[in-house]
Amino acid sequence: MRKFLFILISVLLLGITAYFAFVYYVPFSEGYRSGELIKFSRKGVLAKTWEGEISQGISGAQIFEFSVEDGQDKVIEKLKDFQGKYVKVTYKERYSTFFWLGDTKYFIIDVTPEPSPHFGN
């Protein structure tokens, strides 16, 4: 009976570990989005996460919501500096997320300023 219980607990722990590793390390997709950075804030009650929004249209009808991991200090500082400007972001999409990482499945890994196609710069 002990051997069966040990094997069952080991398999469960291995399965849970494999699930967390898969969700965290295996991206569903990677890509780029551009638009005006209209919101970037740190929010949460138990776990503070960085969340933001990019408007991809003139009227703000198409909003791209994203998260940034805490370890991405350079990206966080760039996003703070580019608030209200037109930016191009590189992101990775995960299959799922955990509450301590962010509210969305889209995680920004790089950001660069872009000239706005709507207004002459």
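The values are calculated or read from the model by the stated rules, or taken from the named source; none is laboratory data. Note that the coordinates shown come from a computational prediction; the quantities given were computed from them, not determined experimentally. Positions of Cβ are backbone-derived with ideal geometry, glycine not excepted, and every protein chain shown enters the neighbour counts. When the accessible area is computed, the model is the full protein with side chains, heavy atoms only, and any ligands, DNA or RNA have been set aside. Shrake-Rupley method; radii C 1.70, N 1.55, O 1.52, S 1.80 Å.
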### Query
Given the structure, is residue 18 more than 20 Å from residue 103 (Cβ to Cβ), part of a loop (DSSP other than H, G, I, E, B) and not charged (D, E, K, R)?
no
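Give the stretch 21-42 a look and list any residue that's of a type outside the set (Gly, Ala, Ser) and either in contact with a Gly (Cβ under 6 Å, 6 or more places away or on another chain) or free of Cβ contacts under 8 Å to residues at least 24 places away in the same chain (or both), or say none.
Taking the stretch 21-42 as the starting set, the residues that turn out to be of a type outside the set (Gly, Ala, Ser) are 22-28, 30, 32-33, 36-40, 42.
Correct list: 25, 39, 40, 42.
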### Message
Is it the case, given these coordinates, that residue 57 is among the small types (Gly, Ala, Ser), modelled with pLDDT under 90 and within 21 Å of residue 117 (Cβ to Cβ)?
### Response
yes
### Message
Looking at the stretch 105-112, can you tell me whether even one residue there is among the aliphatic types (A, V, I, L, M) and modelled with pLDDT under 90?
### Response
no
### Failed criterion for residue 43 (all others in (1) under 16 Å from the mean Cα position of the chain (by Cα); (2) open to solvent by less than 30 Å² (accessible area, probe 1.4 Å) hold)
(2)
### Message
Restricting to the stretch 83-95, give me the number of residues that are touching a Ser or Thr at 6+ places or on another chain (Cβ under 9 Å) and in a loop (DSSP other than H, G, I, E, B).
### Response
1
### Query
Under the condition of being in contact with an Asp or Glu (Cβ under 9 Å, 6 or more places away or on another chain) and of a type in the set (Lys, Arg), which residue from the stretch 77-121 is least open to solvent (accessible area, probe 1.4 Å)?
92
### Task
Any residue in the stretch 43-72 that's assigned to a loop (DSSP other than H, G, I, E, B): show its pairings with residues that are open to solvent by less than 30 Å² (accessible area, probe 1.4 Å) at Cβ separation under 7 Å, as long as the two are six or more apart or on different chains.
56/35; 56/64; 69/101; 69/107
### Summary
Note on the stretch 61-76: residues surrounded by fewer than 12 Cβ atoms within 10 Å (Cβ to Cβ), over 14 Å from residue 35 (Cβ atoms) and either within 11 Å of the chain's Cα centre (by Cα) or among the small types (Gly, Ala, Ser) (or both) are 71
